[in-house]
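Colleague: First, the structure itself, so that you have it in front of you.
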Amino acid sequence: MREHGLRALWRRKFVHTTDSGHALPVSANVLARRFDPSGPNQAVVSDITYIRTASGWLYLAAVLDLHSRKVVGWSMSPNMPADLVCRALQMALTLRQPPTGLIVHSDRGSQYASTAHSELLSRHHCNASMSRKGNCWDNAV
């Protein structure tokens, strides 16, 4: 290939997982980058990542306890409905049985701002917290 001046062409496709351009209500940044709580079940962070597979993209939502740094809830789906993040959070709440006031921090994506996610937080007496717009460091962990 070098002798003929040829090069391999490979383009990495970028997939946006955060849709913050919505009209849904957004929560304040309650966590405020305090990524080191004194004990478990005080604060968790949640995010969505994507995995390329032979049959297309697979989306993974994970919930991480900030004290132990362990994944305490997760869910996978071939698309990104609000149910994806709700299932991950429900797993974390069921397994950990956190006390009232758990801080659940995420980005401003439409899944996290959805009515379904807000109602799940309310039912379990959790406090929603969202990163500032366009600031990846607020959700760095």
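The values are calculated or read from the model by the stated rules, or taken from the named source; none is laboratory data. Bear in mind that the values here come from a model prediction, so they are computed numbers and not experimental data. We place every Cβ from the backbone using ideal geometry, glycine too, and count neighbours over all the protein chains shown. Please note that ligands, DNA and RNA were not included when accessible areas were found on the heavy atoms of the full protein model with its side chains. Shrake-Rupley method; radii C 1.70, N 1.55, O 1.52, S 1.80 Å.
Colleague: Points 7 angstrom from Cα along the Cβ direction at His67 and Ser122: gap in nanometres?
Modeller: 2.8 nm
Colleague: Which number do you get for Rg(Cα) / (2.2 N^0.38 Å) in region 84-141?
Modeller: 1.10
Colleague: Is it possible to state the helix-based mean residue ellipticity at 222 nm for the chain, with each DSSP H run of 4+ residues giving -39500 (n - 2.57), the sum divided by total residues, to the nearest 500 deg cm²/dmol? What is it?
Modeller: So the helix-based figure for the chain works out to -5500 deg cm²/dmol.
Colleague: Using the heavy atoms of the protein chains and a 1.4 angstrom probe, tell me the accessible area per residue for the chain in square angstrom.
Modeller: Spelled out: the 1.4 Å probe surface of the chain, per residue, equals 62 Å².
Colleague: Express the carbon and sulfur contribution to the solvent-accessible surface of region 12-117 as a percent, rounded to the nearest whole number, probe 1.4 angstrom.
Modeller: Result for region 12-117: 56 percent of the exposed heavy-atom area is carbon or sulfur.
Colleague: While we're looking at this one, here's another question. If you line up the Cα atoms of region 21-141 on their principal axes, what length do they span on each, largest first, in Å?
Modeller: 42, 31, 28
Colleague: Antiparallel as a % of all DSSP beta bridges within the chain, to the nearest 5?
Modeller: Antiparallel bridges: around 70 percent, rounded to the nearest 5.
Colleague: Once the other residues with Cβ under 12 Å from the Cβ of Ala92 are scored (Lys, Arg +1; Asp, Glu -1), what is the net sum?
Modeller: Result for the neighbourhood of Ala92: +2.
Colleague: Got a sec? Which residues in region 87-103 would a label at Arg34 touch, if it sits 7 Å along Cα→Cβ and we count backbone N under 14 Å?
Modeller: Counting backbone N atoms under 14 Å from the label point, the list is 101-103.
Colleague: How would Arg69, Arg2 line up by accessible area, probe 1.4 Å, largest first?
Modeller: Descending accessible area places them as Arg2, Arg69.
Colleague: Continuing with the same structure: With all protein chains present and a 1.4 Å probe, how do Tyr112, Tyr59, Tyr50 order by accessible area, largest first?
Modeller: Result, largest first: Tyr50, Tyr59, Tyr112.
Colleague: Could you tell me the largest-minus-smallest coordinate of the C-alpha atoms of region 41-99 on each of the three principal axes, in descending order and whole angstroms?
Modeller: Cα extents, longest axis first: 40, 20, 14 Å.
Colleague: Take Thr115 and His4, extend 7 Å from each Cα along the Cα→Cβ direction, and tell me the distance between the two endpoints in nm.
Modeller: So the label points at Thr115 and His4 sit 5.9 nm apart.
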